Amino acid sequence: MIPYRLGNVWGLADTLGKVVVEPKYSKIERTDKYVYGNEKDNLFIVQKNNKYGIIKESKLILDTKYNNLHADSMFIIERNNIRTSRKTILYNLKGEQLLKDSVNSIEAIQGGNNIQKLYRIAYGPKNNVGIIWYNPIKQSIEQWIVKDVFEANAYSYENIFDLYLYETNNRQVKKYDMLFDTEKNKYALLPATNSRKEPQIKGDNSPLYEGNSRVGSYSEARKTIIKTFNFFIKGNKILLKTSNRNLYYNTSSKTDTLSFNIDFEKAEVCNYGDEGFIAHQFKIDAKSIDTVFNRPNYIKFKKNNKFGILGAYKPIPAVYDSIRYFSNGINYHYFIVGKFSKTGIMQWGVVSADNKEILPCIYDDIVRKYRGDFWLLRQGNKYGLTDFNGKVEFPVDESRFEPSSDYSSFSIEKKNKYGFINPYSKCNPVLAYKITRNIAIGSYTVFEVIDKNNKVLGNGDKKGFLYFKN
């Protein structure tokens, strides 16, 4: 469902434009603006008379009577008075209160599975601590594994958890092995058997949030070999020295040296420098990325007043009037190349370091920014746009392109219709108003539009439908 504005009030419409929640709220927002991950539930925070409520699907599950609400992929959270009190009430995504006591903090414990989410909770006037097994499918607390202790923390260790309990404020610790009993369908506490050193215990005043972390794989690192390509000139020969290094153990194997029979009048070694690898916002297939190679330099050579490049095993021949590093860092490095036309005008294209044509030499200008995600193409007074890898997103025509400062997004205008592109979404020029950004609502994308005075009007979609009426 998409927020839908009628005059000064808001409701909800489906993606076909049918109004499913009557516009009567002063404000309505998608809840996943707070915490990533809530794509299945259509949860919206609505505001009326300076009070907040929650709509799920098309049903009001919490009435507009709360001072402050927000929601994430697991819980709805109410702070009764965010300025003067930390009193917080926890609800499930059905709008049912989960704990009678106020919750002071809640932290996700890494481990478990899709129906066994573990949380450490500090709650009540004494700020007691407990550990719960929460079932997001049933939207209920399945088990209080630990309750009413001074401090507790659990850490995933292979197929069990290390549980540390502090039952009094003298910080006397008890350690248990916490594991799931499949017969009884609950977590059990057993005497500790592993000898892992006790970790540092966190404080109890963490903010209320759903935690997450990213863990690297050491087994993958042990297998990863970095191959380094170093070019150099010795006498009148161009040489390539390659060596392999294990990423984890930092050990090197023997080097190999190759000689290239390139006929040149002048050659020089050029360094890629710190532009060698560029971070892009696009979702990229990791298997196709050239990250297992290190290419610190390349050879630029000249013959008959033309330029070529040697940056891989296959040289770019000396057929260009201009050639320079263009920076890419996704597959092989890219070079912008130029040839004079019959009228003496330089026309530009792009080739990769292994001499594959990315764009032909037909453009009067190819503009990109350092770390930019798009290239702006120009032929005469007409413009087009490619992505960071040279794929043409908008062909050269009468469209007008207005870039962000870093070329990470573009607003497009064509025949009084507007479009938009950034690394996450693309809209052809079909909307009657200028687009400022994209908004993901679950798996559906809409685009925020503004009037000539830069006032936000509402949203539109790729079909050209506007989710508002003035």
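The values are calculated or read from the model by the stated rules, or taken from the named source; none is laboratory data. Just so you know, these numbers come straight off a predicted model, no measurement behind them. Ideal geometry is used to build each Cβ from the backbone, glycine not excepted, and the neighbour counts take in all protein chains shown. Heads up: the accessible areas ignore ligands, DNA and RNA and are worked out on the full protein's heavy atoms, side chains in. Shrake-Rupley method; radii C 1.70, N 1.55, O 1.52, S 1.80 Å.
Data table
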| item | result |
| --- | --- |
| Segment Q379-N230, extension gain: residue separation times 0.36 nm, minus the distance between their alpha carbons | 49.9 nm |
| Per-pair calculated FRET efficiency, R0 = 60 Å: N246 and T343 via Cβ, rounded to 0.05 | 0.65 |
| Computed FRET value (nearest 0.05) for R324 with K415, which takes r as the C-beta separation and R₀ as 25 Å | 0.10 |
| Extension gain, F465 back to S26 (0.36 nm per residue minus Cα-Cα distance, nm) | 155.8 nm |
| Principal axis dimensions, largest first and in whole angstrom, of region 43-173 by Cα | 51, 34, 18 |
| Rough spin-label spacing in nm, given labels placed 7 Å along Cα→Cβ, for T445 and T257 | 5.1 |
| Solvent-accessible area per residue for region 355-470 (1.4 angstrom probe, square angstrom) | 51 |
| Cα-based convex hull, region 116-183, per residue volume (Å³, whole number) | 90 |
| Residues of region 134-149 with amide N under 18 Å of a point placed 7 Å along Cα→Cβ from D181 | 134, 142-147 |
| Cα gyration tensor shape for region 412-470, rounded if a/c is under 1.5, else prolate or oblate | oblate |
| Mean shadow area of region 335-455 over all directions, Cα convex hull, nm² | 9.1 |
